[in-house]
Every structure is written in structure tokens, then in C-alpha cells.
1. Regarding Q51, is this residue at pLDDT 85 or above, assigned by TED's automatic domain parsing to the domain that holds G31 and exposed (fewer than 12 other Cβ atoms within 10 Å of the Cβ)?
2. Which of (1) crowded, with 16+ Cβ neighbours inside 10 Å; (2) on the phi > 0 side of the Ramachandran plot is the odd one out, the single condition Y30 does not satisfy?
3. Among the β-branched types (V, I, T), in a helix (DSSP H, G or I) and within 30 Å of E105 (Cβ to Cβ): does that describe I80?
4. Of all residues being surrounded by 18 or more Cβ atoms within 10 Å (Cβ to Cβ) and either part of a loop (DSSP other than H, G, I, E, B) or not aromatic (F, W, Y) (or both) in segment 17-27, which is nearest to the chain's Cα centre (by Cα)? Just the residue, please.
5. Does V45 fit the bill of being touching a Gly at 6+ places or on another chain (Cβ under 9 Å), β-branched (V, I, T) and over 21 Å from D91 (Cβ atoms)?
6. Residues in segment 90-125 that are in contact (Cβ under 8 Å) with a residue 24 or more places away in the chain and either closer than 24 Å to D21 by Cβ or in a strand (DSSP E or B) (or both): how many?
7. For N72, work out the one condition from (1) in a loop (DSSP other than H, G, I, E, B); (2) closer than 26 Å to I116 by Cα it doesn't fulfil.
8. On the given criteria, is I40 surrounded by 12 or more Cβ atoms within 10 Å (Cβ to Cβ) and in a loop (DSSP other than H, G, I, E, B)?
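The values are calculated or read from the model by the stated rules, or taken from the named source; none is laboratory data. From a predicted model like this one, the values you see are computed outputs, not experimental measurements. Virtual Cβ from ideal backbone geometry, glycine too; neighbours counted across all protein chains shown.
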Amino acid sequence: MADNRNTRQKEMLKQEIDKLDSFFTGDEIYGKVKKVNSKIGKATVYRFLKQLRDQKLIHSYNCDRKLLYSKNKKSHCHFICEKCSTINHIDIKNLDFLKRNVKEEVCHFQIDVYGICNECKKLSN
């Protein structure tokens, strides 16, 4: 009987993930599924996400000390201000700099770029 419940829970989780087009957290998925099935546990959600990650069906990234997931092999890049700690997501479309230096096939990547944001530069002047 427990296997059927798990299967229904996994199917519900999969349906919620299938609806998403962008990055998501485990807590976001948990919040959505919890509204439909109040008995689902947070550990079940995170075990399922780990299982999908191990099967290479989703990808994970670190962002602001949180684990983000994506169904697509999206790259995840940030500009982080060293003065105010503001984090801005940046979109890198051209991988030429990686292709020149990495001889293996690049699937996706995560890059954190540090510097001083324009607002902090204005305050310094």
C-alpha cells in the first residue's frame, strides 16, 4: 500500500515540475504540492528531486546559498557586488571562452562574477 502512495506522490511532484519553465527550489515545489496533498512531507520532495538529479532529468545550481533546479541545461551566472552583496543574474549566451579552454563537452555551467555594482560606484564618487 505504501508503494502506491509513493507512486501517486511522485506523479504529483512530476506534474508540478513539468509545469515550470524556469529555475525552481525544492521549497517552491513543496509549497505547490502541499496545497494539493497536505500529507506530503518535505523530505519526500527533496528525495524525489535528488532522484531526478541522479537520473540527469533535472540539473541543480547553487544560488545565494540555496539549491536551484532546472529541467533544462541552462547556465546559471551571477554578478555579485563586493560592497552591497547584491546578486544579479546574468545571461551568457556565447560559450566561445569555454570552448577554447575546456576540451570536454560542456553541458551547462555556473559562474559567479564579483565586482562593484553601478550603484555602489555612484556612492563612492
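1. no
2. All conditions are met except number (2).
3. No: the conditions fail for I80.
4. Looking at the filtered set, the residue picked out is F23.
5. Against the criterion (touching a Gly at 6+ places or on another chain (Cβ under 9 Å), β-branched (V, I, T) and over 21 Å from D91 (Cβ atoms)), V45 qualifies.
6. Final tally of qualifying residues: 9.
7. Against the list (1) in a loop (DSSP other than H, G, I, E, B); (2) closer than 26 Å to I116 by Cα, N72 comes up short only on (2).
8. The answer is yes for I40.
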